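Q: Here it is, the structure in full.
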Amino acid sequence: VLERVYEASPARVFQALADPQARARWGTPSKNVDLVYDKAEFRVGGLDISRCGPRGSLIYRVETRYIDIEPEQRIVSTELVCEGWNRLSVSLVTVELQPVGTSTRLVLTDQIAAFGGKDMIAGSQAGFSAALDNLAAELRHQPVDA
């Protein structure tokens with residue numbers, strides 16, 4: 001479970017989560033990682049397909065399926081991460097947005113089954129944590145160091 005408070009309204013935070021161009025900017029956890037969306041369908045039942053990995057080597061495929069979307073409140077999705085034909089992990093990811101005055105408290109819960117060992121769990125946590133930190137810069141309209 002990761003939590004952040006952003007100096008932005010739930011509507012603004014939700015928009016940054018929903019927009020695939022914004023996600024491509026803030027979702028890359030570091031300047032050493034590339035992230036490319038091949039398909040983006042942000043809707044209940046929709047499917048995002050992305051590729052990521054070390055800069056210049058998009059070795060991972062990520063399939064995100066949206067299960068539930070309540071604008072400005074909640075996003076529930078599944079995430080399958082593969083390297084080639086090898087499934088590395090599957091997650092149920094819940095993002096909750098709660099207004100706190102003029103700010104927004106974001107709570108991300110990642111329920112992960114990692115098939116490649118504990119490194120995949122640590123990598124998922126580190127990736128989500130860095131992306132949520134980058135989201136703060138996106139919401140301030142500052143460039144993300146990615």
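Q: Along region 91-96, what does the Karplus equation 6.51 cos²θ - 1.76 cosθ + 1.60 (θ = phi - 60°) give for ³J(HN,Hα), rounded to whole Hz, x for Gly and Pro?
A: Couplings: 9, 10, 10, 10, 10, 10 Hz.
Q: For the chain, build the convex hull from the C-alpha positions and give me its volume per residue in Å³. Mind dumping the intermediate values first?
A: Numbers: hull volume 13.7 nm³, N = 146.
Considering the Cα atoms of the chain, their hull volume per residue is 94 Å³.
Q: Give the carbon-plus-sulfur fraction of the accessible surface of region 1-116 in %, rounded to a whole number; probe 1.4 Å, heavy atoms of protein chains only.
A: Details: 3180 of 6170 Å².
In region 1-116, the share of accessible area belonging to carbon and sulfur is 52 percent.
Q: Based on alpha-carbon centroids, what's the gap between region 20-46 and region 71-146 in Å, whole number please?
A: Here the two parts' Cα centres lie 11 Å apart.
Q: Let me ask something else. What's the extension gain from GLU72 to ARG55 if we count 0.36 nm per residue and subtract their Cα-Cα distance?
A: Values: separation 17, 0.36 × 17 = 6.12 nm, distance 3.26 nm.
Once the chain is fully extended between GLU72 and ARG55, it gains 2.9 nm.
Q: Which value, in Å to one decimal place, does the Kirkwood hydrodynamic radius take for region 1-55 when every pair of different Cα atoms is included?
A: 12.6
Q: May I ask you to give the solvent-accessible area per residue for region 41-146, in square angstrom, as obtained with a 1.4 angstrom probe? Write down the numbers at each step before the final one.
A: Working: 5810 Å² over 106 residues.
Ligands and nucleic acids excluded, the result is 55 Å² per residue.
Q: Do me a favour and compute the ellipsoid semi-axes for region 76-135 from its Cα gyration tensor, root of five times each eigenvalue, largest one first, whole Å. Before the final figure, lay out each step's value.
A: Details: eigenvalues 140, 27, 15 Å².
Whole-Å semi-axes of the equivalent ellipsoid: 26, 12, 9.
Q: Moving to a separate point now. Helix-derived [θ] at 222 nm for the chain: sum -39500 (n - 2.57) over DSSP H runs of at least 4, divide by residue count, nearest 500?
A: Working: 3 runs with 38 residues, N = 146.
Only helices count here, giving -8000 deg cm²/dmol.
Q: Next up: Considering only LEU92, ALA24, THR64, whose Cα is most displaced toward the positive end of the charge dipole of region 20-111, charges sitting on Cβ of Lys, Arg (+1) and Asp, Glu (-1)?
A: ALA24
Q: Under the 0.36 nm per residue contour assumption, what length would be gained going from the current alpha-carbon distance of GLU41 and ALA22 to full extension? Display every interim value, and only then the final one.
A: Details: separation 19, 0.36 × 19 = 6.84 nm, distance 1.39 nm.
Value of the extension gain: 5.5 nm.
Q: Sorted by average packing, counted as other Cβ atoms within 10 angstrom per residue and highest first, what order do 55-62, 131-138 take?
A: On the way: 55-62: 13.9, 131-138: 19.0.
Highest-to-lowest ranking by the protection proxy: 131-138, 55-62.
Q: Tell me the label-point distance for the pair ASN32, LEU2, using the 7 Å Cα-to-Cβ offset, in nm and rounded to one decimal.
A: According to this spin-label approximation, the distance is 1.7 nm.
Q: Right, something else. Please list the non-local residues whose amide H lies under 5 Å from the amide H of ILE67, H modeled 1.01 Å from N, same-chain partners needing a gap of 5 or more.
A: GLY45, VAL76, SER77, THR78
Q: Related question: Place a +1 charge on the Cβ of each Lys and Arg in the chain and a -1 charge on the Cβ of each Asp and Glu, then give the dipole magnitude about the Cα centre in debye, rounded to the nearest 20.
A: Numbers: 16 positive and 19 negative charges, 42 e Å.
So the dipole magnitude of the chain works out to roughly 200 debye.
Q: Note the angle between two axes, namely the Cα long axis of helix 118-139 and the longest principal axis of the Cα atoms of the chain, as a number of degrees from 0 to 90, rounded to the nearest 10.
A: In the chain, helix 118-139 runs at an angle near 40 degrees to the longest axis.
Q: What residues qualify as long-range amide H neighbours of ALA40, i.e. H under 5 Å apart, gap of 5 or more or another chain, H built at 1.01 Å from N?
A: Here ILE49 satisfy the definition.
The values are calculated or read from the model by the stated rules, or taken from the named source; none is laboratory data. This is a predicted model, so every value here is computed, not measured. With ideal geometry, Cβ positions are generated from the backbone for all residues, glycine too; neighbour counts draw on all protein chains shown. To get the accessible areas, we keep the full protein, side chains included, count just its heavy atoms, and leave off ligands, DNA and RNA. Shrake-Rupley method; radii C 1.70, N 1.55, O 1.52, S 1.80 Å.
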